[in-house]
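Single-structure report; data block below.
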Amino acid sequence: MKIIVGLGNIGNKYAKTRHNCGFIMLDRFVEEVEKEGLKVSWKEDSKLKAITSKIPYNNEILFLAKPTTLMNNSGQSVNKIINFFKEPIENLIVVYDDIDLPLGSVRIREKGGPGTHNGMKSIINALGSENFKRIRIGIESRGELAPKHQDITSFVLSDFTEKEIPILKKSLDIAVEELKNNLT
């Protein structure tokens, strides 16, 4: 089984924010899977502290999860999921936003540190390891589209602008394909 965790914050107020790229990408992946004829239903699992779905895909079982903890406590949920299923962390793929990558870019890493991402810091601390895959979606905190002088917290918790949305959609398509490629 592969465990795919998208990072974000629960609630309508955060639904379209930069920090919810993990949730947004999982939803985009589910749209693609449903086009292939598979029905995906989500349920809240209070024991695992996540909204979850379990689906068959390419001769594999995928456990999809959106932690219901706040972003900075994502490790609580991921640790519970890994322990519940007794899966090696090498079967974990985490999808999240990255302020250090340009908007529109997608990077895959087999393992590594959390960078500046507090959700990833929480996961690495909870698991005691950095040895899991991640798909990073660039949101560009300081660059061409983002203001040069802006508080990082307010930036990641703000919605994408109309100008950014088409760029985001392209990067989400790339991220979905990368995820599919990592499942075969």
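No value in this document is a laboratory result; all are computed from the given coordinates. Small disclaimer: the values here were computed from a predicted structure and weren't measured. Reconstructed Cβ throughout: ideal geometry from the backbone, glycine too, with neighbour counts over all protein chains shown.
For volume of the Cα convex hull per residue in Å³, the value computed from the atomic coordinates appears in the list [x] 106; [y] 121; [z] 147 under label [x].
Only helical runs count toward this figure. For the chain, summing -39,500 (n - 2.57) over DSSP H runs of n ≥ 4 and dividing by all residues gives -10000 deg cm²/dmol at 222 nm. Computed extension length for residue 13-residue 131: 39.2 nm, one decimal, from 0.36 nm per residue of separation with the Cα-Cα distance subtracted. Charge dipole (Cα centre; +1 on Lys/Arg Cβ, -1 on Asp/Glu Cβ; no other charges) of the chain amounts to roughly 400 debye.
Straight-line cross-link reach from residue 39 at under 17 Å between alpha-carbon atoms covers these aspartates and glutamates, not counting any fewer than eight positions away in the same chain: 27, 31, 60. Between 0 and 90 degrees, the angle of helix 165-181 with respect to the longest Cα principal axis of the chain falls at about 30 degrees. The C-alpha atoms of the chain define a longest principal axis, and helix 21-35 lies at about 50 degrees to it.
For region 1-76, GluC sites (Glu not before Pro) meeting the loop criterion (DSSP other than H, G, I, E, B) and having at most 13 other Cβ atoms within 10 Å: 36.
Could you state the angle between the C-alpha long axis of helix 118-127 and the longest principal axis of the C-alpha atoms of the chain, as a value from 0 to 90 degrees rounded to the nearest 10? In the chain, helix 118-127 runs at an angle near 30 degrees to the longest axis. Around the amide H of residue 95, modelled in the peptide plane, lie the amide H atoms of 5, 6, 7, 135, all under 5 Å away and 5 or more residues distant in sequence or on another chain. For trypsin sites (Lys or Arg not before Pro), the sites in region 31-120 that DSSP calls loop and that have at most 13 other Cβ atoms within 10 Å are 39, 47, 86, 111.
Report note on the peptides 112-122, 90-100: ranked by the mean count of other C-beta atoms within 10 Å, highest first, their order is 90-100, 112-122.
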